[in-house]
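Remarks on the structure that follows.
Any read-out appearing in this document is the output of simple, stated calculations on the displayed coordinates, not a laboratory observation. If you're wondering where the values come from, they're calculated on a predicted model, not measured in any experiment. We place every Cβ from the backbone using ideal geometry, glycine too, and count neighbours over all the protein chains shown.
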Amino acid sequence: MKHEKSKTNSMKEFSRFAYAYNRYNTIQKQVAQTLVKRVVPRAYDTIIDIGCGSGALYYQLQKEHVSMKSFIALDSSEEMLKIHPESTKIIKYCKNFDADDAFEAIPSSLDTLVLSASALQWSQDLDKLFYELSQLGQSAYFAIFTANTFKTLHETAKIKSPIYTVETLQNTIVKYYETKFELKQYRLYFDTKKEMFAYIKKSGVSGGKRQLGYLQIKRLMENYPLDYLEFEVLFVSATSSVIK
Ligand SMILES: C[S@@+](CC[C@H](N)C(=O)[O-])C[C@H]1O[C@@H](n2cnc3c(N)ncnc32)[C@H](O)[C@@H]1O
């Protein structure tokens, strides 16, 4: 396993909850299923999963009979990589996808399929990241949470979403890929506000950005008008227009 030292807040949060994560990732699981259903089912030389987590995409690929000679699982969290499936064809890389050397050891090939589900919204440098991904392989499928995730929650708390808008995502991706975009909205219902807020903390979707103090969160729980949380995901089917 290769190691990357610098960690952002969101990475720390993912690591802390690596073991609880499997129980809390309902939406992410649906997202991974939807993403893999779009993948053309054939044998690939290499498949790279960016922000692989505990292996949702690897499991789905097996279910959908998409095979590969080698599978590169890249994540900045060692704890996540530990619970990712292992096999002789799986290579694990502990790397921050924003780091300058993130993809240094990964050879680029036209027959490499690049995948990522529920992770790229945390990139600190979207433009650099999509340029680098577009150099790794010709075909790519991404599922990325948009700023409309937790829309009413952010409006109620009067805070700005910490993640990118659909427009920013699309405008960046089209610089490097020919694309087909699809937006999907999800709702996750809760019996109590307490459970809802526990979910936000444990799911990893809040990215660890502590924008609110304890009292503000308490007030937000009282004022939040919905019994569900909102999610929006941009699905991208992409063909690199710049791969050399
Ligand atoms: C919500 S999880 C999704 C995991 C998996 N792809 C899935 O569909 O279930 C996001 C993953 O992205 C990883 N991640 C977040 N920021 C990252 C970064 N800058 N570099 C590499 N991985 C990152 C986290 O450690 C976490 O495993």
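Of the listed requirements (1) in a loop (DSSP other than H, G, I, E, B); (2) near the ligand (Cβ under 8 Å from one of its atoms); (3) farther than 18 Å from Ala143 by Cα, Asp98 misses just one: (3). Could you list all residues from region 58-82 that are assigned to a helix (DSSP H, G or I) and within 17 Å of Phe103 (Cβ to Cβ)? Hit for region 58-82 is Leu81, nothing else.
Applying the condition of being assigned to a strand (DSSP E or B) and closer than 28 Å to Gln216 by Cβ to region 139-160 and asking which residue is farthest from the ligand (Cβ to nearest atom) yields Ile144.
For His65, the conditions (1) within 11 Å of the ligand (Cβ to nearest atom); (2) over 16 Å from the mean Cα position of the chain (by Cα); (3) at positive phi are fulfilled apart from (1). The set of residues in region 166-200 being farther than 22 Å from Gly137 by Cβ, in contact (Cβ under 8 Å) with a residue 60 or more places away in the chain and either not aliphatic (A, V, I, L, M) or not in a helix (DSSP H, G or I) (or both) consists of Lys184, Tyr186, Leu188, Tyr199. The condition of being within 16 Å of the ligand (Cβ to nearest atom) and in a strand (DSSP E or B) holds for only one of Ile91, Ile163, that being Ile91.
Of all the listed residues (Leu113, Leu126, Leu120), the sole one being more than 13 Å from the ligand (Cβ to nearest atom) and under 21 Å from Val174 (Cβ atoms) is Leu113.
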